[in-house]
Amino acid sequence: MKGNAIMANEKKRVQELTDFLNYHSYKYYVEDAPEISDFEFDRAMRELEELENSYPELKSANSPTSRVGGMVLESFAQVTHTVPMESLQDAFSEAEIYEFDRRVREVIPNPEYTVEQKIDGLSVSLEYENGEFVRGSTRGNGLVGEDVTENIRTIRSVPMRLTEKIPYIEVRGEVYMPRKSFDYLNKLREAEELPLFANPRNAAAGSLRQLDSKITAERKLDIFAFNIQQLQGKEISTHSMGLSYLAELGFKVIKRTQCYKTIEEAYKRVMEIGEERDSLDFDIDGAVIKVNSFNDRELLGSTSKFPKWAIAYKFPAEQKETVIRDIIVNVGRTGALTPLALLDTVRIAGTNVSKATLHNIDYISDKDIRIGDTVIIEKAGDIIPAVVGVSKEKRTGNEKVFVMPEKCPSCGGPVVREEGEAAYRCVGIRCPAQRLRNIIHFSSKPAMDIDGLGPSIIEQMVEREIIHDASDLYFLKPEDISSMDKMGEKSAENLLKAIDNSRNNPLHRLICGLGIRHVGEKAAKILAARYKTLDRLSSASLQELTEINDIGEKMAASVTEFFENTENTEFLKRLEEGGVNCVEADDDEAADMRFSGMTFVLTGTLEHYTRAEAAEIIEKAGGKTSSSVSKKTTYVLAGEEAGSKLTKAQALGVAVISEEEFEKMCE
């Protein structure tokens with residue numbers, strides 16, 4: 001009896017916390033009117049997580065904790081749309097809008113129109129049964145999409161439970177990435193030397209199709225609901241009524257969607273939306289005019305491609321002419337030197353523009369861009385305006401050819417351009433322009449794995465000049481950290497403990513953390529196993545390094561260049577003074593080379609290991625892991641729900657082993 005009473009209390013508390021978190025998520029992410037602090041919200045979320053961990057049977061599929069992601073899929077299942085998710089006919093001129101109105105009036109004498117922003121994102125379907133979210137899918141080709149339910153759960157503005165328990169509703173929405181989230185994501189990717197997303201739409205599409213929903217959760221996507229595809233249990237007669245009803249159910253809908261009796265009024269609103277787009281915190285690429293009445297829509301019908309009751313006016317990318325007064329060079333956090341044009345200020349797409357990216361020296365050479373040129377700039381999908389052309393007929397003969405600097409403009413260090421690469425780079429580890437990226441990489445999981453030292457904390461430390469490079473981490477005091485935002489005494493203590501623990505990491509983690517170009521986790525392990533100490537590695541010759549299996553010429557050159565740089569050697573000396581281990585231990589695991597010369601591919605879900613853990617066992621025993629199956633693959637380790645990799649292995653005749661067989665091989 002006592003146990004049942006405790007369970008009842010816990011069940012009640014789980015429901016209280018769920019309701020509390022759902023309410024405040026709606027206030028924050030949909031209404032943009034938070035009523036509590038982030039600290040209070042996070043504390044409630046943590047309590048719910050702890051209860052669900054203790055009583056797993058109390059966790060529902062739509063729990064607020066599901067929004068952090070964590071499910072990893074082999075691939076996305078297909079979803080056939082009962083109601084096709086049609087695309088819209090595009091219009092690029094006022095004349096095309098009036099022609100659309102003429103066609104509508106041939107069938108509907110007095111149509112009423114709605115006008116709304118056309119969000120530049122990815123169209124999705126959201127399905128609910130008895131008010132509970134059950135499935136999310138992409139548009140795909142309009143007839144068949146992909147099941148992205150777990151990723152949709154991570155979008156905070158998607159209601160997991162509606163305010164009414166209606167039998168069934170399918171809602172169409174547009175997933176997008178807010179500009180702030182896009183800027184932050186590219187900032188992190190730049191720090192990790194990953195390719196940058198060109199614009200928020202590409203970033204949103206890539207984020208929603210991540211097989212690991214935890215990655216999607218980190219991308220902070222958002223959504224606007226804009227159409228009811230199917231509805232049971234309620235009658236809705238117009239689009240405007242539908243949007244109001246969606247808002248009542250808890251969806252985030254586009255604001256200022258009004259009705260218009262004439263196409264002149266509707267087109268005027270389209271032009272107003274065009275003027276407003278630069279003031280928004282999300283991207284739009286046009287405005288949509290729709291017939292409001294659902295009965296009228298049925299009468300109008302659709303072509304084989306588009307509905308006849310709607311049209312999308314696409315805003316053109318605005319271009320302006322201006323003059324390049326100078327070309328300067330910025331040093332990014334990856335060390336890449338990026339030329340930037342300083343322009344005569346010109347207003348474009350609603351903002352004053354005085355700078356434009358020139359990307360790299362090849363871009364400048366291909367377009368023959370010179371200082372003093374009259375150029376055409378455009379602000380289209382990219383956030384930063386770009387030079388798209390040169391008005392060569394306006395040249396006076398006083399224009400100057402731009403030459404890339406031989407030394408880093410930020411630190412004066414050497415600049416290199418490797419064969420086959422467009423970018424010039426500064427290779428100094430203490431270069432002020434790239435130190436943030438270096439510290440983030442140094443503390444990341446594949447490197448020194450300093451728990452709790454995330455990018456936001458590092459950025460704050462650098463901005464406050466608490467640290468200047470990663471070696472400073474090993475000389476921090478509690479008072480240095482506790483004074484930072486959201487870092488109390490206990491948090492400071494935990495972070496210092498994590499930093500202290502990292503001192504004893506094996507050498508390969510340190511080598512990985514140094515950020516040597518082309519040297520990743522696997523190469524770091526190879527180098528550590530070969531040289532055993534950082535001192536020996538620093539003395540290795542180029543020829544000696546190139547003779548090591550899996551260490552190519554580019555990688556070998558990067559290693560020798562790194563250790564020849566005096567700034568880098570000073571940095572390493574300070575790490576050693578801070579107590580960081582610079583020796584690879586000769587333990588039994590390192591001597592075990594039973595998988596030497598073998599290549600494994602891992603697929604499916606393993607019972608006793610994560611795939612990362614299994615890969616680590618293989619690599620410690622001298623083997624290799626690969627993400628794709630080929631004739632050179634030695635074994636495919638297949639767990640539950642193994643996918644296409646298993647099929648390919650069987651077709652190629654590659655040996656397939658179970659988890660039990662793998663464990664026997666490891667004994």
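The values are calculated or read from the model by the stated rules, or taken from the named source; none is laboratory data. A quick note: this is a predicted structure, and the numbers were derived from the prediction, not measured. Cβ sites come from the backbone with ideal geometry, for glycine too, and all protein chains shown count toward neighbours.
Please determine, by comparing only the residues of region 165-185 that are of a type outside the set (G, A, S) and in a strand (DSSP E or B), which one is surrounded by the fewest Cβ atoms within 10 Å (Cβ to Cβ). Steps first, please.
Start the filter on region 165-185 by keeping residues that are of a type outside the set (G, A, S), which leaves 165-172, 174-180, 182-185.
From what's left, in a strand (DSSP E or B): 168-172, 174-176.
Working: Y168: 14, I169: 23, E170: 20, V171: 26, R172: 19, E174: 24, V175: 28, Y176: 25.
Applying the filter and picking the extreme gives Y168.
You will find that of L436, L496, the residue that is in contact (Cβ under 8 Å) with a residue 40 or more places away in the chain and either of a type in the set (S, T, N, Q) or surrounded by 14 or more Cβ atoms within 10 Å (Cβ to Cβ) (or both) is L436 and no other.
From the list I289, I273, I328, exactly one residue is buried (at least 18 other Cβ atoms within 10 Å of the Cβ) and either without any contact (Cβ under 8 Å) to a residue 12 or more places away in the chain or in a strand (DSSP E or B) (or both). Which is it? Walk me through how you get there before you give the answer.
Details: I273 fails: either without any contact (Cβ under 8 Å) to a residue 12 or more places away in the chain or in a strand (DSSP E or B) (or both); I328 fails: buried (at least 18 other Cβ atoms within 10 Å of the Cβ).
Of the residues listed, the single one that is buried (at least 18 other Cβ atoms within 10 Å of the Cβ) and either without any contact (Cβ under 8 Å) to a residue 12 or more places away in the chain or in a strand (DSSP E or B) (or both) is I289.
Checked against the criterion of being at pLDDT 80 or above and either of a type outside the set (F, W, Y) or in contact with a strand residue (DSSP E or B) (Cβ under 9 Å, 6 or more places away or on another chain) (or both), the candidates L51, L73 yield just one match: L51. Restricting region 439-456 to residues that are in contact (Cβ under 8 Å) with a residue 12 or more places away in the chain and surrounded by fewer than 18 Cβ atoms within 10 Å (Cβ to Cβ) leaves a set whose member that is nearest to S502 (Cα to Cα) is D449. Can we say R156 is in contact (Cβ under 8 Å) with a residue 40 or more places away in the chain, assigned by TED's automatic domain parsing to the domain that holds V291 and either surrounded by fewer than 19 Cβ atoms within 10 Å (Cβ to Cβ) or of a type in the set (D, E, K, R) (or both)? Taking the combined requirement at face value, the residue satisfies it.
Select, from P409, P446, the only residue that is assigned to a loop (DSSP other than H, G, I, E, B), outside the structural domain of R517 (by TED's automatic domain parsing) and of a type outside the set (K, R).
Details: P446 fails: outside the structural domain of R517 (by TED's automatic domain parsing).
The conditions single out P409.
Please list, ordered by residue number, the helices (runs of 4 or more DSSP H) wholly in region 540-658 having 2 or more residues that are within 30 Å of C408 (Cα to Cα) and out of contact with any strand residue (DSSP E or B) (no Cβ under 6 Å at 6 or more places or on another chain). Reasoning before the result, please.
Numbers: elements: 542-546, 553-564, 566-577, 588-591, 611-620, 644-652.
Passing ranges, in order: 542-546, 553-564, 566-577.
Which ones in region 329-357 are among the hydrophobic types (A, V, I, L, M, F, W, C), touching a strand residue (DSSP E or B) at 6+ places or on another chain (Cβ under 8 Å) and modelled with pLDDT under 90?
Of the residues in region 329-357, the ones among the hydrophobic types (A, V, I, L, M, F, W, C) are 329, 331, 336-337, 340-343, 346, 348-349, 353, 356.
Remaining after also requiring touching a strand residue (DSSP E or B) at 6+ places or on another chain (Cβ under 8 Å): 329, 331, 336-337, 340-343, 346, 348, 353, 356.
Scanning region 329-357 gives V331, A336, L337, V346, I348, V353, A356.
On inspection, L299 does not qualify as of a type in the set (A, V, I, L, M, F, W, C) and either within 30 Å of I440 (Cα to Cα) or surrounded by 15 or more Cβ atoms within 10 Å (Cβ to Cβ) (or both). Consider only pairs whose beta carbons are under 7 Å apart and that are at least six residues apart or on different chains; among these, list those whose first residue lies in region 299-314 and is touching a residue at least 24 places away in the same chain (Cβ under 8 Å) and whose second residue is aliphatic (A, V, I, L, M) and loosely packed, with under 15 Cβ neighbours inside 10 Å. Listed pairs, sorted by first residue: L299/V107; L300/V107.
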